[in-house]
Amino acid sequence: MSRCSPSDSLGQSSRAFSLVGALSIVRFRTVVRDTQDTAYVIFAVAVGMAEGVALADDYVERQLAFADSLNPAMKASMANDLAAGHRMELPWLSGAVVRLGRQHRVPTPVHDTIYAALKPYAGGTPR
């Protein structure tokens, strides 16, 4: 089993925020207002835990609070890349959640769906 460093555990939720932010092309604070919309964070954390990452009990709450503290006009970098037709970090961020979820048999249905929707645009706008 591969191990993640503490910085990798932080990346798990970053991957989740980037994924949903890119697909929805909305501000971070808009994404995390509805509790159903936070499922992607929970799945990413479950994958991180399967990788052996030890997380504080309040980790998810702190990550959501951080996202809520961001400037309301801020968008995920992948949302900006998608809108501009640029190459996205999808394979290395969100793709990692899907890949590691499969490796550890952790279901990631939200990530699977959104990753599949964004994958045609990962290299930039299809021509």
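Taken together, the values in this text are just the output of simple stated rules run on the coordinates, not laboratory data. Bear in mind the structure is a predicted one, so any value in this text is a computation, not a measurement. We place every Cβ from the backbone using ideal geometry, glycine too, and count neighbours over all the protein chains shown.
Sorted fewest first by neighbouring Cβ atoms within 10 angstrom, ARG99, ARG62 come out as ARG62, ARG99.
If R0 is taken as 25 Å, the Cβ-Cβ distance between LYS119 and SER77 corresponds to a FRET efficiency of 0.90.
Placing a pseudo-label 7 Å from each Cα along the Cα-to-Cβ vector at ALA65 and ALA84 gives an inter-label distance of 3.3 nm.
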